[in-house]
Amino acid sequence: MMRLRPTAAIVLRQFYLMRGSPTRLLPMFAWVAIDIVLWGFITRYLSSVSAPGINFVAGLLGAVLLWDFFTRVMQGVTTAFFEDVWSRNFLNIFATPLLISEYVGGLVLTSIVTSVIGLAVMLLLATTVFGLSFFAYGILLVPFLLVLFLFGIALGIFASAMVLRLGPASEWLVWPIPALLSPFAGVFYPLSTLPLWMRAIAALLPPSYVFEGMRGIVAGNGFSVATLAAALTLAVIEIVAACWFFSHVFRFAVRTGLLARYSAESVS
Amino acid sequence: MTEANTHRSPTQAVLRVNALHKQFGDIVAVDSVSFDVHAGEIVGLLGPNGAGKTTTINMILGVLEPSTGTIVIEGHDVRKARSRALDRTNFAAVYAPLPGNLTVYQNLRFFGMIYGVRSLSERIEALLEQFDLQRFRDRKCGVLSSGEQTRVCLAKAMLNRPQLLLLDEPTASLDPAVAHDIRAKIRDIAVQGGAGILWTSHNMYEVEEVCDRVLFLVRGRLLLQGSPQALLREHGAKTLEELFVRIARIPLTDAAVSA
């Protein structure tokens, strides 16, 4: 049975690290703020040169904000995991009664805290400086964020498992994952723009449903509950698959000695 | 025989290792090793570099799966009930320092929560005092000397009042005076706390002083076991170091193993 205290320990550790190191704290605010400012001005410019009636703020800036939120969620999980990679802490942490579910639960909880802080900063900037109104999306904003959050968690767990399997140096494969997925997710354009093979991949990515739905709402076309349910179901299935993958890789690392070896070696 | 190892009365086994075998491809790292560690007993796991000591410890800690064989800690099979088996187990190893970016107090709190230690604040204060770490409590572990870091690791290893304690070269980076104090503390933990301790060291003087029993591991095989005094008598060696050198240089044949 999953216990709360060991899970909370993972979150507390991240809090200690952030409190003790501004370089960890800054990225939570800085990158999202830079993104919002950059895209805020781009949307302002586009609005000034385009025909009236096109809502660039809700369409473009909203998309940037939601994509950044998803990226922060994913990186919230992976960064908490990397703390154990960077401090070569695998042996100390896994030679304890800590269950894998408690460890992964701790990474997810950490991500919830850090991504919510990032989201608050983005919302504050986007609404106060650039006039983004989330009322444009209505109540659907909540399930939109939920889908993105769940997919970010799934991808974060999957990426952590990948590093556990391939070794500390593969950390550098993790950072570009959101950028690699963004063309398929249709963040800035309708999915119909994509060739068929890309659309097939997009269908497996819950964010593609969110951004398509968001554009539909901004254009006044609405959004079907069935599509939303499909996106949510897909995200939940991907979380379950990612947890299974992590657990499978962990067992492999214990069987082959990878886990013990990573404690002794630096990033290589 | 030292004062420390005259008063112990080993009772039930806290650790039972049976026919433990670990193979990496063609390389046999640990070959059919069996031994027990009893409550209140300090057992030295000795052997030259590459003998399989750390591999054995990693398997006991559940971070490396044996190819075959069983490890039972306080009645719990590590493979089947890993979390329960490790609940009252802890370790300190010279190659596993605590995260250097957390302070001494933060590390102890973090691991204390993971081990589910009750009255954690009081326990941390007691350990800070026991290992003379109060003045370092708010200092990051990464800036401490290796000796100070070892003491923090030992404090962490005592957090959950372990019934089985695995110490991999615990005094390797300590000066003689601190090492002496630490040995005395660990002896107390075995004698008064009733913990079974598995101790690896290349310092044969230390092993002779501290351990009730020693196990000689050479190229994955357990060649000798017994009390230091009995082994010295049986093999006509004056010191454990002399015996160690002799055993480590034996060509590993079946005859040598059975001898």
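Taking the C-alpha atoms only, the angle from helix B:176-191 to the longest principal axis of chain B is near 80 degrees. A Förster radius of 22 Å combined with the Cβ-Cβ distance from B:D138 to A:A8 puts the calculated FRET efficiency at roughly 0.55. Before anything else, pin down the relative contact order of region B:98-161: Cα pairs under 8 Å, at least 6 apart, normalised by residue count, whole percent. Over region B:98-161, the number comes to 50 percent.
Basic side chains Lys and Arg get +1 at the Cβ, acidic Asp and Glu get -1 at the Cβ, and with that the dipole of region B:98-161 about its Cα centre reaches some 140 debye. What is region B:98-161 by shape, rounded, prolate or oblate, if you read a ≥ b ≥ c off the alpha carbon gyration tensor as root eigenvalues and call it rounded for a/c under 1.5, prolate for a/b larger than b/c, and oblate otherwise? Verdict is prolate for region B:98-161.
Remark: relative contact order (region A:200-268) = 23 percent; criterion is Cα-Cα distance under 8 angstrom and separation of 6 or more residues.
Taking square-rooted eigenvalues a ≥ b ≥ c of the alpha carbon gyration tensor, is region A:27-120 rounded, prolate or oblate, where a/c under 1.5 means rounded and, failing that, a/b exceeding b/c means prolate? Since a/c reaches 1.5 and a/b is larger than b/c, the shape of region A:27-120 is classed as prolate.
Apply the a/c threshold of 1.5 to the C-alpha gyration tensor of region B:74-120 and tell me whether it is rounded, prolate or oblate. Judged from the Cα gyration tensor, region B:74-120 comes out oblate (a/c at least 1.5, b/c at or above a/b).
For B:K185, give me every one of the lysines with a C-alpha distance below 19 angstrom, ignoring sequence neighbours fewer than eight places off in its own chain. Within the straight-line limit of under 19 Å, B:K185 reaches these lysines: B:K156.
Helix B:120-130 and the long axis of chain B differ in direction by around 70°, with both axes built from C-alpha atoms.
Maximal additional length on extending the A:S47-A:F15 stretch stands at 7.4 nm, based on 0.36 nm per residue less the C-alpha distance. Net charge of the neighbourhood of A:L91, taken over other residues with C-beta under 11 Å away and scored Lys/Arg +1, Asp/Glu -1, is 0. For chain B, averaging the sequence separation of C-alpha pairs within contact (under 8 Å, six or more residues apart) and dividing by the residue count gives a relative contact order of 26 percent.
Note on region B:47-66 and region B:116-160: Cα centroid distance 26 Å, given to the nearest whole angstrom. Ordering of B:65-71, A:208-214, A:74-80, B:47-53 by packing is A:74-80, A:208-214, B:47-53, B:65-71, highest average first (other Cβ atoms within 10 Å, averaged per residue). Between the beta carbons of A:V142 and A:R255, assuming R0 = 56 Å, the FRET efficiency works out to 0.85 to the nearest 0.05. Taking only the C-alpha atoms of region A:4-264, the Rg (one decimal) and the largest Cα-Cα distance, Dmax (whole number), read 19.3, 63 Å. Relative to the current alpha-carbon distance between B:S146 and B:H235, full extension at 0.36 nm per residue lengthens the span by 28.4 nm.
Taking label positions 7 Å along the Cα-Cβ direction at both A:W175 and A:W31, the computed distance is 0.8 nm, reported to one decimal.
Shielding by partners for peptide A:3-16, expressed as the average number of C-beta atoms from other protein chains within 10 Å of each residue's C-beta, is 4.
Spin-label model, B:D77/B:H180: points 7 Å from Cα along the beta carbon direction are separated by 4.8 nm.
Using every Cα-Cα pair within region B:49-164, state what percent have a distance larger than 23 Å. Tail of the P(r) past 23 Å holds 35 percent of the pairs. Here's how it looks for B:L215: its modeled amide H is under 5 Å from those of B:G44, B:L45, B:L46, which are all 5 or more places away or on a different chain. Close amide H contacts of B:V117 (hydrogens built in the peptide plane, cut-off under 5 Å, sequence separation of 5 or more or a different chain): none are found. Rounded to 0.05, the FRET efficiency of the A:V240 and A:R199 pair, given R0 = 25 Å and the Cβ-Cβ distance, is 0.55. Coordinate range of the alpha-carbon atoms in the protein assembly as shown per principal axis, descending: 99, 49, 35 Å.
Roughly what angle does helix A:225-256 make with the longest principal axis of chain A, taking Cα atoms, 0 to 90 degrees, to the nearest 10? That helix lies at roughly 20 degrees to the long axis.
In chain B, the DSSP-assigned H stretches of four residues or longer account for a calculated mean residue ellipticity at 222 nm of -10500 deg cm²/dmol, using -39500 (n - 2.57) per stretch and the full residue count as denominator.
No value in this document is a laboratory result; all are computed from the given coordinates. Since we're looking at a predicted model, the values are computed, not measured. Reconstructed Cβ throughout: ideal geometry from the backbone, glycine too, with neighbour counts over all protein chains shown.
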